[in-house]
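> Take a look at this one; I'll ask things after.
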Amino acid sequence: MQTEIKFAGFGGQGILLSAKLLAYAAMKQGFFVAWVPSYGPEMRGGTAYCTVVIGDKRIGSPIIKNPTHLVAMNRPSLEKFANDVKPGGVIMINSSLIPTRSNRTDIIELIVPANDAAIKVGSVKCANIIALSAFAAKAKVVDMEVLRHCVMDEFSAKPKIIPLNMKAFDEGVDIANKS
């Protein structure tokens, strides 16, 4: 079993962090993991992306053309990567910033108003945590409790923001469960 997830959005949306948290959760569960971030001009406002490959066997190459799943945080990311997703995969669409859909009938579309939900829970900065938890709950690629602990560990140096991020995490799971 091998699963590939592409996280994509504008630089500054927490794309790399979301992917890193998913990779950590998979590692804690004993999976082989590759985390490949994209650095470069994308970090200045263009489309930034990161790929996470999770497998139960050694990963031959972390470079993938057709991911199993996509987490699209902005419209350019959806337009650039949606057609690459394998049939049967999940495409999470941040409907707060993306007014369109993938126009694919062979995938599962998860519509998540990540930015709007983040504002509702207290800060737009946690939109990536909402998107991550909603995606993970729908795609079932890692254990949700393990992922929850990875999020808490990530923010352990800033304990004041842990409750906000846990609220965001729960909101994302709730959105996924209602879809």
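> Can you tell me how many residues in region 21-33 are touching a residue at least 12 places away in the same chain (Cβ under 8 Å) and out of contact with any helix residue (DSSP H, G or I) (no Cβ under 8 Å at 6 or more places or on another chain)? Can you show your working first?
The first filter runs over region 21-33 and keeps only residues touching a residue at least 12 places away in the same chain (Cβ under 8 Å), leaving 21-26, 28-29, 31-33.
Now restrict to residues that are out of contact with any helix residue (DSSP H, G or I) (no Cβ under 8 Å at 6 or more places or on another chain): 23, 26, 31-32.
Count: 4.
This table checks each residue for (1) over 21 Å from ASP153 (Cα atoms); (2) modelled with pLDDT of 95 or more.
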residue	(1), (2)
THR3	yes, yes
LEU16	no, no
LEU22	no, yes
PRO37	no, no
THR47	yes, no
LYS80	yes, no
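> Need at least 1 residues that are in contact with an Asp or Glu (Cβ under 6 Å, 6 or more places away or on another chain) per element, so show me which strands (runs of 3 or more DSSP E) inside region 15-120 make the cut, counting only ones lying wholly within it.
Working: elements: 32-37, 47-55, 69-72, 90-94, 108-112.
Per the criteria, 47-55, 90-94.
> Mind checking which residues of region 125-151 are exposed (fewer than 15 other Cβ atoms within 10 Å of the Cβ) and either modelled with pLDDT under 95 or over 20 Å from VAL90 (Cα atoms) (or both)?
Scanning region 125-151 gives GLU145, HIS149.
> May I pose another question? Could you please find all residues in region 159-173 being over 15 Å from ASN128 (Cβ atoms) and basic (Lys, Arg)?
Residue satisfying the conditions is LYS160 alone.
> Could you grab me the full set of residues in region 86-111 that are within 17 Å of SER18 (Cβ to Cβ) and of a type in the set (Val, Ile, Thr)?
Across region 86-111, the qualifying residues are VAL90, ILE91, ILE93, ILE98.
> Inspect region 133-148 for any residue being under 23 Å from MET1 (Cβ atoms) and polar (S, T, N, Q) and give the result as yes or no.
Yes, because at least one residue in region 133-148 is under 23 Å from MET1 (Cβ atoms) and polar (S, T, N, Q).
> In addition: Is it the case that region 54-61 has a residue that's small (Gly, Ala, Ser) and surrounded by 15 or more Cβ atoms within 10 Å (Cβ to Cβ)? Steps first, answer last, please.
Filtering region 54-61 for residues small (Gly, Ala, Ser) gives 55, 60-61.
Subsequent filtering for residues that are surrounded by 15 or more Cβ atoms within 10 Å (Cβ to Cβ) retains 55.
The answer is yes, given that some residue of region 54-61 is small (Gly, Ala, Ser) and surrounded by 15 or more Cβ atoms within 10 Å (Cβ to Cβ).
> Is it true that some residue in region 155-164 is touching a Cys at 6+ places or on another chain (Cβ under 7 Å) and surrounded by fewer than 24 Cβ atoms within 10 Å (Cβ to Cβ)?
As a first pass, look at region 155-164 and keep what is touching a Cys at 6+ places or on another chain (Cβ under 7 Å): 164.
Adding the requirement that they be surrounded by fewer than 24 Cβ atoms within 10 Å (Cβ to Cβ) leaves 164.
Yes: region 155-164 contains one or more residues that are touching a Cys at 6+ places or on another chain (Cβ under 7 Å) and surrounded by fewer than 24 Cβ atoms within 10 Å (Cβ to Cβ).
> Could we say that SER61 is out of contact with any Cys (no Cβ under 7 Å at 6 or more places or on another chain) and among the polar types (S, T, N, Q) here? Even if it seems obvious, please write down each step before you answer.
On the way: out of contact with any Cys (no Cβ under 7 Å at 6 or more places or on another chain): yes; among the polar types (S, T, N, Q): yes.
Against the criterion (out of contact with any Cys (no Cβ under 7 Å at 6 or more places or on another chain) and among the polar types (S, T, N, Q)), SER61 qualifies.
The values are calculated or read from the model by the stated rules, or taken from the named source; none is laboratory data. Computed from a predicted structure; not experimentally measured. Glycine gets a Cβ as well: all are built from the backbone with ideal geometry, and neighbour counts include every protein chain shown.
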